[in-house]
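Reading through the structure tokens given below for one structure.
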Amino acid sequence: MRLTLSLSRFVSVMALAASISLGGQVMAQPPMPHSGGGGMPQLTEEQKQLMMEVQQTQQALQKTQEQLRAIQDKVYQSNPDLVKQKDALQQAISKKMSSGGYDADKELDALKAMVDKYNTGQEKPTQAEIQDFQKRQQAFQMRQQQAFQDPDIRAKAEALQQNLKAKIQASGPEGKALIADLEKQVQKLETLRAKAATMMKR
């Protein structure tokens, strides 16, 4: 199987709208492989339909983010001040994540190296290596999410998001339309997740 690293350099900046709205969850967690059987409860048809809708909305959101990244890259190229703002945010996140001997920069590089090694297709990871990767990725994402609880980091992220959003919207009709799609998809995902949480408590 392929290892999936749903991380960019600490945070995909166009995911900031989603991350801030969704309480710091930067990106949807990749599906984790599991062995069949297990003691998972059976889902009702209503629950299955809702989970499918959540997954479809997540996929649509990620597609929109990917389309926005092409415009985002051009915006950064023509706005060096935005690059400085983004770098300052990434450094703040890295510093917040790094504690107790944990080095966020080194861990991210190690995770990327693992992905590069096995995604060439020449070598397959063992089950133990897959589990190790998933454990380390989850730990990284947990620290990332905790970093977003810091008021200073959230303020920096929101400021960058607003500046970047304004520049993308000003770049032309495509950028403006994609921003509108992103905001609708984020709102829909929030609504679906709230509905799912309520349904699971029944």
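Here are the numbers:
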item	result
PRO80 open to solvent by 80 Å² or more (accessible area, probe 1.4 Å) and either touching a strand residue (DSSP E or B) at 6+ places or on another chain (Cβ under 9 Å) or modelled with pLDDT of 90 or more (or both)	yes
Matching option when the condition is at pLDDT 85 or above, of a type in the set (Lys, Arg), farther than 22 Å from GLN85 by Cβ and assigned to a helix (DSSP H, G or I), among ARG154, ARG136	ARG136
Qualifying residue in the stretch 172-179 (condition: closer than 19 Å to ILE71 by Cβ, under 18 Å from the mean Cα position of the chain (by Cα), of a type in the set (Val, Ile, Thr) and in a helix (DSSP H, G or I))	yes
Single unsatisfied condition, GLN62 versus (1) free of Cβ contacts under 8 Å to residues at least 24 places away in the same chain; (2) at negative phi	(1)
Failed item, numbered, when LYS86 is tested on (1) open to solvent by 70 Å² or more (accessible area, probe 1.4 Å); (2) within 18 Å of the chain's Cα centre (by Cα); (3) among the basic types (Lys, Arg)	(1)
Failed condition for PHE148, given (1) at pLDDT below 90; (2) open to solvent by less than 40 Å² (accessible area, probe 1.4 Å); (3) over 17 Å from the mean Cα position of the chain (by Cα); (4) not acidic (Asp, Glu)	(3)
Residue within the stretch 27-37 that is at positive phi and either modelled with pLDDT under 75 or open to solvent by 80 Å² or more (accessible area, probe 1.4 Å) (or both) present	yes
Meets criteria (open to solvent by 30 Å² or more (accessible area, probe 1.4 Å), in a loop (DSSP other than H, G, I, E, B) and at pLDDT below 50) for GLY101	no
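The values are calculated or read from the model by the stated rules, or taken from the named source; none is laboratory data. Quick caveat: nothing in here was measured; it's all calculated off a predicted structure. We place every Cβ from the backbone using ideal geometry, glycine too, and count neighbours over all the protein chains shown. SASA here: full protein model, heavy atoms, side chains in, ligands and nucleic acids out. Shrake-Rupley method; radii C 1.70, N 1.55, O 1.52, S 1.80 Å.
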